[in-house]
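Visitor: Dropping the structure in here first, questions after.
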Amino acid sequence: MRFQIVQGDITKMRTDAIVNAANTSLLGGGGVDGAIHRAAGPELLAECRTFHGCETGQAKITKGYRLPAKYVIHTPGPVWHGGNNGEPELLQSCYRSCLSLAAQNHCCSVAFPSISTGVYRFPLKLAAEIAVKTILDYCRDHKGIEEVFMVCFDSNTKAVYDEAFKKETMAI
Ligand code: AR6
């Protein structure tokens, strides 16, 4: 499996699936969610309505419509409330649920945004460590997904994910 941390806009990714950091309504919002809905077009919202929401830490898959990606995997990340409300486990569950849905749908390449580290205020360093470890562990144990991208919107986010990757791979 190839794992790459890149800086950019996830709506431009030509992967089989991109992940959306959604909310539990799945009816759109700001941040990366707003950008994905704008780029995909109104058909995406119409398909999202059919789910009647999604629990935090779970995931639902839709088509990509006008996006270059074939699918969008929507996952509501945890809102940070201090860390003693299961936030780390829920964030890990987001990454696992998305990878599992991607594999079930025969996706070879998946792109993730930094789930929960914007409006949901999850501390960036901890979120990056959880994301990197969960992705690498999952892909070590399951075959099928060949390429995973972490798409960081700004240079600080990318630097923190690069550091988390270094730490995780040195620990092996
Ligand atoms: N490509 C990649 N990353 C992006 C993009 C983009 N086009 N736009 C923003 N980011 P956030 P959350 C980064 O707030 O914390 C929404 O309203 C952003 O810089 O989008 O999980 C939902 O509807 C940050 O690093 O998601 C929910 O209500 C990261 O994506 C709520 O926000 C996540 O920031 C979810 O909050």
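Visitor: Specify which of the listed residues (10, 18) is of a type in the set (Val, Ile, Thr), closer than 25 Å to residue 87 by Cα and touching a Ser or Thr at 6+ places or on another chain (Cβ under 9 Å).
Guide: Only one candidate passes the filter, namely 18.
Visitor: On to the next question. Counting residues that are farther than 17 Å from residue 148 by Cβ, which strands (runs of 3 or more DSSP E) fully inside the range 19-125 reach at least 2?
Guide: Here the list reads 60-63, 71-76.
Visitor: Restricting attention to the range 126-172, which residues are crowded, with 19+ Cβ neighbours inside 10 Å and not in a helix (DSSP H, G or I)?
Guide: 145, 148, 149, 150, 151, 152
Visitor: Exactly one condition in (1) within 12 Å of the ligand (Cβ to nearest atom); (2) of a type outside the set (Ser, Thr, Tyr); (3) surrounded by 17 or more Cβ atoms within 10 Å (Cβ to Cβ); (4) over 21 Å from residue 138 (Cβ atoms) is not met by residue 13; state its number.
Guide: Of everything listed in (1) within 12 Å of the ligand (Cβ to nearest atom); (2) of a type outside the set (Ser, Thr, Tyr); (3) surrounded by 17 or more Cβ atoms within 10 Å (Cβ to Cβ); (4) over 21 Å from residue 138 (Cβ atoms), residue 13 misses just condition (4).
Visitor: So, one more: Taking the range 53-110 on its own, how many of its residues are of a type in the set (Asp, Glu) and either surrounded by 22 or more Cβ atoms within 10 Å (Cβ to Cβ) or touching a Lys or Arg at 6+ places or on another chain (Cβ under 9 Å) (or both)?
Guide: 1
Visitor: Search the range 106-130 for residues that are over 11 Å from residue 91 (Cα atoms) and aromatic (Phe, Trp, Tyr) and pair each with any residue that is more than 6 Å from the ligand (Cβ to nearest atom) and part of a helix (DSSP H, G or I) when their beta-carbon atoms are under 6 Å apart and the residues are at least 6 apart or on different chains.
Guide: none
Visitor: Find the residue count for the range 117-164, including only residues that are in contact with a helix residue (DSSP H, G or I) (Cβ under 7 Å, 6 or more places away or on another chain) and among the basic types (Lys, Arg).
Guide: Residues that pass the stated criteria total 2.
Visitor: On to the next question. Give the residues of the range 114-172 that are among the basic types (Lys, Arg), over 14 Å from the mean Cα position of the chain (by Cα) and more than 18 Å from residue 35 (Cβ to Cβ), sorted by residue number.
Guide: Of everything in the range 114-172, those that are among the basic types (Lys, Arg), over 14 Å from the mean Cα position of the chain (by Cα) and more than 18 Å from residue 35 (Cβ to Cβ) turn out to be 121, 125, 140, 143, 166, 167.
Visitor: From the list 59, 21, which residue is of a type in the set (Gly, Ala, Ser), touching an Asp or Glu at 6+ places or on another chain (Cβ under 8 Å) and in contact (Cβ under 8 Å) with a residue 24 or more places away in the chain?
Guide: Of 59, 21, the one residue that is of a type in the set (Gly, Ala, Ser), touching an Asp or Glu at 6+ places or on another chain (Cβ under 8 Å) and in contact (Cβ under 8 Å) with a residue 24 or more places away in the chain is 21.
Visitor: I would also like to ask the following. With 78, 42 as the choices, which residue is within 14 Å of the ligand (Cβ to nearest atom) and either free of Cβ contacts under 8 Å to residues at least 60 places away in the same chain or over 20 Å from residue 119 (Cβ atoms) (or both)?
Guide: 78
Visitor: Residue 25 - would you say it is small (Gly, Ala, Ser), under 22 Å from residue 159 (Cα atoms), touching a helix residue (DSSP H, G or I) at 6+ places or on another chain (Cβ under 9 Å) and within 12 Å of the ligand (Cβ to nearest atom)?
Guide: So residue 25 does not fit the description; no.
Where a number appears in this text, it was derived from the coordinates with a stated rule and is not lab data. The shown structure was predicted, so the numbers you read here are calculated from the model rather than taken from an experiment. Every residue, glycine as well, gets a Cβ built from its backbone with ideal geometry; the counts of neighbours run over all protein chains shown.
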